[in-house]
Amino acid sequence: MNLRDLKYLVALADHRHFGKAADASFVSQPTLSTQIKKLEEELGVALVERAPRKVMLTPVGREVVERARRIIAEVEQMSEVARRSRDPEAGTVRLGLFPTLGPYLLPHVVPRIRERFPQLELLLVEEKSDVLLQRLRDGALDAALLALPVHDDQLHAEFLFEEPFLLAVPESHPLAGHGPLALDDLSSQTLLLLEDGHCLRDQALDVCRTAGAGENGGFRATSLETLRQMVAANVGVTLLPSLAVKPPVAQSDAIRLLPFRDPQPSRRIAMLWRRSSAMSGFLMQLAAEFKRLPRELLAVDLPVPKKARASKAKRI
């Protein structure tokens, strides 16, 4: 048994197809198939069910794959220890982020990280939170930015910042002219939310339950941008995290963004990594760069859209 064969098995588990797994492993399909067969013979068990159109793992195959992932991750950690002993601020970091955070946070942080760690190769992976957690546990990621709470004693969670939510409503909505809202103001509202699997959906549902609001069950969006467009089209209202409405994100004249009075609904963002990680010291330094977000990015005092400014000027 060798590390190469374990990597072939993991690739097959990920792709569920011999040809695709071979391509991902940069070998021919017969080579990968032969090595998987040799691994099965060495272990004395079948790891793979070979159906005509798809590949499935046997129960023992799934267990072997999970152990193989951990072994591969540990070997990569050893290599990373050696690299960082030569240059603590070089090497590669595989960082996961979820879709309702990554596009809005990274433009404010990545330039500073590149300046602070010019030799660092930062590989960014965007996935839903449950996928990121599993990849982090498996060793496929070095760290991930996730919303708290995360219940896992094997992971260290370094709190980064708290991000308030705002209510996005069409410009013609009865609440559009209100000042800061109380949660009770949502009690008669039906909100547009993301589809299952997005942590923002769960966070918004928590706010809805607290406020006594409901969900528009006939519509579930796949992204924040879809939610934004639906609000602009006067389909409904939604909650948006504050980073998602700050420059360089363009403001829409068809949407009013309303902050909440204290206690503001919000989400708490942390960087998580395995407590056993050989990179813990460096990841703490990397987390410090994410903590240095300018305060105004997390503030809820928003610029007035151009159309509203023009109307106000006319009244004056």
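The values are calculated or read from the model by the stated rules, or taken from the named source; none is laboratory data. What you see is a predicted model; the values in this text were computed from it and never measured. Every residue, glycine as well, gets a Cβ built from its backbone with ideal geometry; the counts of neighbours run over all protein chains shown. SASA here: full protein model, heavy atoms, side chains in, ligands and nucleic acids out. Shrake-Rupley method; radii C 1.70, N 1.55, O 1.52, S 1.80 Å.
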### Query
Limited to region 210-220, what total is found for residues that are touching a Ser or Thr at 6+ places or on another chain (Cβ under 8 Å) and surrounded by 14 or more Cβ atoms within 10 Å (Cβ to Cβ)?
5
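Going by the conditions given, is residue 270 in a helix (DSSP H, G or I) and open to solvent by less than 20 Å² (accessible area, probe 1.4 Å)? So that I can check it myself, show each step before the final result.
Values: in a helix (DSSP H, G or I): no; open to solvent by less than 20 Å² (accessible area, probe 1.4 Å): yes.
Answer is no for this residue.
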### Task
Kindly check whether there is at least one residue in region 40-62 that is basic (Lys, Arg), part of a loop (DSSP other than H, G, I, E, B) and open to solvent by 30 Å² or more (accessible area, probe 1.4 Å).
yes
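Identify the residue in region 25-39 that is part of a loop (DSSP other than H, G, I, E, B) and exposed (fewer than 13 other Cβ atoms within 10 Å of the Cβ) and, among all such residues, is farthest from the chain's Cα centre (by Cα). Write out each step before concluding.
Our first condition is that a residue be part of a loop (DSSP other than H, G, I, E, B); within region 25-39, this holds for 26-28.
Right, trim to exposed (fewer than 13 other Cβ atoms within 10 Å of the Cβ) and you get 26, 28.
Numbers: 26: 29, 28: 34 Å.
Selected residue: 28.
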### Task
Might you check whether a residue that is in contact (Cβ under 8 Å) with a residue 60 or more places away in the chain, closer than 18 Å to residue 161 by Cβ and open to solvent by 60 Å² or more (accessible area, probe 1.4 Å) occurs anywhere in region 107-127?
yes
### Query
How many residues does region 113-171 contain that are of a type in the set (Asp, Glu) and assigned to a loop (DSSP other than H, G, I, E, B)?
5
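Among the candidates 146, 186, single out the residue that is under 25 Å from the mean Cα position of the chain (by Cα) and either surrounded by 17 or more Cβ atoms within 10 Å (Cβ to Cβ) or assigned by the TED database to the domain that holds residue 274 (or both). Reasoning before the result, please.
Details: 186 fails: under 25 Å from the mean Cα position of the chain (by Cα).
Of the residues listed, the single one that is under 25 Å from the mean Cα position of the chain (by Cα) and either surrounded by 17 or more Cβ atoms within 10 Å (Cβ to Cβ) or assigned by the TED database to the domain that holds residue 274 (or both) is 146.
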### Task
Go through the residues of region 84-92 one by one and say whether even a single one is out of contact with any Gly (no Cβ under 6 Å at 6 or more places or on another chain), within 26 Å of residue 274 (Cα to Cα) and in a helix (DSSP H, G or I).
yes
### Message
Tally up the residues in region 188-226 that are hydroxyl-bearing (Ser, Thr, Tyr) and either part of a loop (DSSP other than H, G, I, E, B) or in contact with a strand residue (DSSP E or B) (Cβ under 7 Å, 6 or more places away or on another chain) (or both), please.
### Response
4
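A quick yes/no check of all residues on (1) assigned to a loop (DSSP other than H, G, I, E, B); (2) over 22 Å from the mean Cα position of the chain (by Cα); (3) free of Cβ contacts under 8 Å to residues at least 12 places away in the same chain:
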position	(1), (2), (3)
228	no, no, no
231	no, yes, no
243	no, no, no
247	yes, no, yes
257	no, yes, no
## Note on the structure
The lone condition residue 103 fails out of (1) modelled with pLDDT of 90 or more; (2) assigned to a loop (DSSP other than H, G, I, E, B); (3) under 23 Å from the mean Cα position of the chain (by Cα) is (2)
### Query
If you check every pair at least six apart or on different chains, which have Cβ atoms under 9 Å apart with a residue in region 156-181 that is open to solvent by 30 Å² or more (accessible area, probe 1.4 Å) first and a residue that is among the acidic types (Asp, Glu) second?
171/253; 178/185; 180/262
### Query
In this structure, is residue 21 small (Gly, Ala, Ser) and crowded, with 19+ Cβ neighbours inside 10 Å?
yes
